[in-house]
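Written out below as structure tokens is the structure these notes cover.
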Amino acid sequence: MKILVCISNVPDTTTKIKLTADKTAIDLANVQWIINPWDELALTRALELKEASAGKITKVSVISVGNQSAEPTIRKALAIGADDAFRVNAEAKDAYFAAFQIAEAVKTEAYDIILCGIESSDYNGSAFGGMLAEFMDHPSVSSVSNFEFAGEVVKVNREIPGGYEVVEPALPFVAIVQKGIAKEPRIPSMRGIMMARQKPLKVVEAAPAEAMTEFVAFEPPQPKAACKMVDPANVAELVELLHKEAKII
Amino acid sequence: MNFDFTEEQIMIKQAARDFAKKLEADVIERDYKAEYPTQHIKELSNLGFLGMLVNPKYGGGGMDTISYILAVEEIAKIDASVAVIMSVHNSLGCWGIEAYGTEAQKEKYLPQMVTGEKIGAFLLSEPEAGSDATSQKTLAEDKGDYYLVNGTKNWITNASSGSVFLVIAQTYPELQHHGINALIVDKDMPGVTIGPHEDKMGMRSSDTHSVMFNDVIVPKENRLGGDGFGFKIAMKGLEGGRISIASQAVGIAQGAYERALQYSKERKAFGKLLAEHQSVAFKLAEMYVKIENARNLVLKAAWLKDNHKPYGLAGAMAKQYAADSAMEITTEAVQIHGGYGYVKEYHVERLMREAKLTQIYEGTSEIQKIVISRQILRA
């Protein structure tokens, strides 16, 4: 059995977001890149399952759509423990484009389970997983917070309001995972880091496809208004300000 | 010239940073209770930081000194106690055996040291031989096929957690430091006693003890290097150890600087943020420059070591400057925090206590100046 984890190369979540002058893109200068946190947890769970499978899961692969600058992020996934990797050599223009490219790249690879994060921390589109399943002609389960093997069956916990439901999807399938899928991401070990360069990283040229969407403009949120301090003794002034200025009472 | 790190070095630094984040949760409590970070050291070894410099042939990471000091800095930024446990184990314990050990010694000790199953300690200081390391009173009498070791060692990091002791002892007192040997002593050899835990000012989560040797029989095969080369081995070990202690000092300073920077952007006084007061902004600027200087000295020393060039002078400069700067920077970080800096919750008072030790151990700042001045005067 083989597992594929789709990883997205995203800016570090602590990055201060700046826009380009024409506001149609994020200024990517001096940005630190990381594995999308949801994808990193998916990878962690895949590796846990492989380790506990007593040889049943033979391989965990990762795939990403990106140009060469995404390779350090892909190699980090290899350092964490993935066995091999694919990089589709193209800029991931939108979810449709990325899903199409990944489906094209791995259609003949016969992965039994494909994992991806429910969203990516850069554009938070939440569209990729469903599209990938459609292109692969696989069933998909979203909001997956846990999955494990029960004999030959995979049992998937799917989060729903107030609880979760248990689904038994037919293999192969796409699991679109929530953050609870693994406790915390793995830190690569020194040995893993040294081994990463020796693991296969196959570069696949992009298939002909166009993006379905484009970014027209970004607007940063309004800066937080200054905090007005009111003397605790002066309740009347506070009420007056809440009523006339903040207009919330 | 190239100031870029390799992809692996960046990944190692990030891995150390991710590991160090977990130390923050209990660092204040462990410092207060002087509690050894057992679980954290276990994870440190699982990640391979405990044998990261050792040749992969013995199970180590085979990494360069630059990667190592990047990791030490990241860990020291949060918890200098964990950094010193790691530093002594790697720079003095593992390195000593790898650099000077026989193949049999390396095969016997290194595989267990890289997994953290056995932690290394370095036993040089004595009650009356600190900076004056040539006056070793601990005796290793040559009894034919073994050494009979008697004496006391002081200020031993990893003394209770460790089990592979590199002991520096005098065999031929008449030859002074040319008569000193370095021996590998297993802690469980009969006659080895660990003294009480030292109640230290800082780095309280690392275990420091005195160690007593009473008629300890150490087989000849446990001697590191040639007969009478012990002092040379000790000095060479400290030469490398200094680089990582300098990096630890940079980490402590960086930790204090980051906390002071954050605080000065949050706290207001006289109607504006602390950072908007020039007196505070200038302090931050001075801290920043000193840290950059110290880090560059450390990196140069590490680079020299990796490129098999002499690094004694560079290491001494890095250690002296980084340690003294860390003391100044942590003191200023407390000052910027005002009263809050003087209580434990804000971390900077702990960093200040930790910085103090970097000026003392593995060669005081004064000893570094002796090393530096001797070299420049000789030139």
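Readers should treat all values here as calculations from the given coordinates under stated rules, not as data from a laboratory. Everything quoted here is computed from the prediction, not taken from an experiment. Virtual Cβ from ideal backbone geometry, glycine too; neighbours counted across all protein chains shown.
At 7 Å along the Cα-to-beta-carbon direction for both residue B:374 and residue A:212, put a label point, then send me their distance in nm to one decimal.
For the pair residue B:374/residue A:212, the computed spacing is 7.4 nm.
Would you list, by chain and number, the lysines whose Cα falls below 21 Å from the Cα of residue B:143, excluding same-chain residues fewer than 8 positions away?
Reachable lysines: B:187, B:220.
Give me the compactness ratio for the protein assembly as shown, meaning the Cα radius of gyration over 2.2 N^0.38 Å. Let's see the in-between values first.
Working: Rg = 28.5 Å, N = 628, 2.2 N^0.38 = 25.4 Å.
For the protein assembly as shown, the normalised Cα radius of gyration comes out at 1.12.
Report, in debye and to the nearest 20, how large the dipole of the protein assembly as shown comes out about its Cα centre when Lys and Arg carry +1 and Asp and Glu carry -1 on their Cβ.
Charge dipole, the protein assembly as shown, about its Cα centre: 1040 debye, nearest 20.
Among the GluC sites (Glu not before Pro) in the stretch A:48-155, which ones are in a DSSP loop with at most 14 other Cβ atoms within 10 Å of the Cβ? Mind listing them? Don't jump to the answer; show the numbers that get you there.
Numbers: sites: A:48, A:51, A:91, A:104, A:109, A:119, A:134, A:148, A:152; in loops: A:91, A:109, A:119, A:152.
Passing both the DSSP loop test and the Cβ count: A:91, A:109, A:152.
Peptide A:193-206: average number of partner chain Cβ atoms within 10 Å per residue?
What the average comes to for A:193-206 is 2.
Looking at B:373, B:245, B:257, which one has the Cα that reaches farthest to the positive end of the dipole of the stretch B:232-378 (charges on Cβ: Lys, Arg +1; Asp, Glu -1)?
Towards the positive end, the residue furthest out is B:373.
Jot down the radius of gyration and Dmax of chain B, Cα atoms only, both in angstrom.
20.7, 78
Enter the mean number of other protein chain beta carbons within 10 Å of the beta carbon of each residue in A:71-80, as an integer.
For peptide A:71-80, the averaged partner shielding equals 2.
Let's see if you can work this out: charge +1 on each Lys and Arg Cβ, -1 on each Asp and Glu Cβ, no other charges. What is the dipole magnitude of the stretch B:120-228 about its Cα centre, in debye to the nearest 20?
For the stretch B:120-228, the charge dipole is close to 240 debye.
To make sure I understand the rule: partners must be aspartates and glutamates, Cα under 15 Å from the Cα of residue B:137, and not fewer than 8 residues away in the same chain. Which ones qualify?
B:126, B:128, B:174, B:215
Under 1.5 on a/c is rounded, so check that first for the stretch B:86-163, then, if it is not, pick prolate when a/b is larger than b/c and oblate when it is not; a ≥ b ≥ c are the square roots of the alpha carbon gyration tensor eigenvalues.
oblate
For residue B:309, which aspartates and glutamates qualify as cross-link partners when the Cα separation must be under 17 Å and same-chain residues fewer than eight apart are set aside?
Cross-link targets: B:64, B:239.
Which Cα, out of B:164, B:140, B:205, lies furthest along the positive dipole direction of the stretch B:120-228 (beta carbon charges, K/R +1, D/E -1)?
B:205
Once you've got the GNM for chain A with C-alpha springs shorter than 10 Å, pick whichever of A:223, A:161, A:37 has the biggest mean-square fluctuation.
Looking only at A:223, A:161, A:37, the largest GNM fluctuation is found for A:223.
Of A:110, A:188, A:150, whose Cα points farthest to the positive end of the dipole of chain A (charges on the beta-carbon: +1 Lys, Arg; -1 Asp, Glu; origin at the Cα centre)?
Positive-most Cα among the choices belongs to A:188.
For the stretch A:65-122, state which trypsin sites (Lys or Arg not before Pro) are in a DSSP loop and have at most 16 other beta carbons lying within 10 Å of their beta carbon.
Numbers: sites: A:75, A:76, A:87, A:93, A:107; in loops: A:93, A:107.
Listed in order of number, the matching sites are A:107.
I'd like the trypsin sites (Lys or Arg not before Pro) in the stretch B:342-371 restricted to DSSP loop residues with at most 11 other Cβ atoms within 10 Å, sorted by number.
Answer by residue number: there is no such site.
Which of A:131, A:229, A:194 ends up with the largest GNM mean-square fluctuation for chain A, with Cα atoms connected below 10 Å?
Residue with maximal mean-square fluctuation among A:131, A:229, A:194: A:229.
What's the longest piece of chain A with no exposed chymotrypsin sites (Phe, Trp or Tyr not before Pro), counting a site as exposed if DSSP puts it in a loop and it has at most 13 other beta carbons within 10 Å? Provide the component values of the computation, followed by the final result.
Working: sites that count: A:215, A:218.
Longest site-free region, per DSSP loop and neighbour criteria: A:1-214.
What number, rounded to the nearest 500 deg cm²/dmol, is the helix-based mean residue ellipticity at 222 nm of chain A, given -39500 (n - 2.57) per DSSP H run of at least four residues and division by all its residues?
Counting only the DSSP helices, I get -7000 deg cm²/dmol.
Can you compute the charge dipole magnitude of the stretch B:232-378 about its Cα centre, using +1 on each Lys and Arg Cβ and -1 on each Asp and Glu Cβ, nothing else charged? Give it in debye, rounded to the nearest 20.
Charge dipole, the stretch B:232-378, about its Cα centre: 380 debye, nearest 20.
What angle, in degrees between 0 and 90 and rounded to the nearest 10, separates the Cα long axis of helix A:71-80 from the longest principal axis of the Cα atoms of chain A?
So the inclination is approximately 70 degrees.
Are there any helices in chain B, counted as whole DSSP H runs, that stretch 30 Å or more along their axis by Cα and score at least 0.0 on average by Kyte-Doolittle, and if so which?
B:230-264, B:278-306, B:312-337
Ignore the peptide's own chain and count Cβ atoms of other chains within 10 Å of each Cβ in B:58-64; give me the average, rounded.
Details: counts 0, 1, 3, 6, 3, 3, 0.
Other-chain Cβ atoms within 10 Å of each residue's Cβ, averaged: 2.
What residue among B:139, B:351, B:175 has the largest mean-square fluctuation in a Gaussian network model of chain B, using Cα springs under 10 Å?
In the Gaussian network model the winner is B:175.
How much of the DSSP beta bridge set in the protein assembly as shown is antiparallel, as a percent to the nearest 5? Provide the component values of the computation, followed by the final result.
Details: 44 of 75 bridges.
So the antiparallel bridges amount to about 60 percent of the total.
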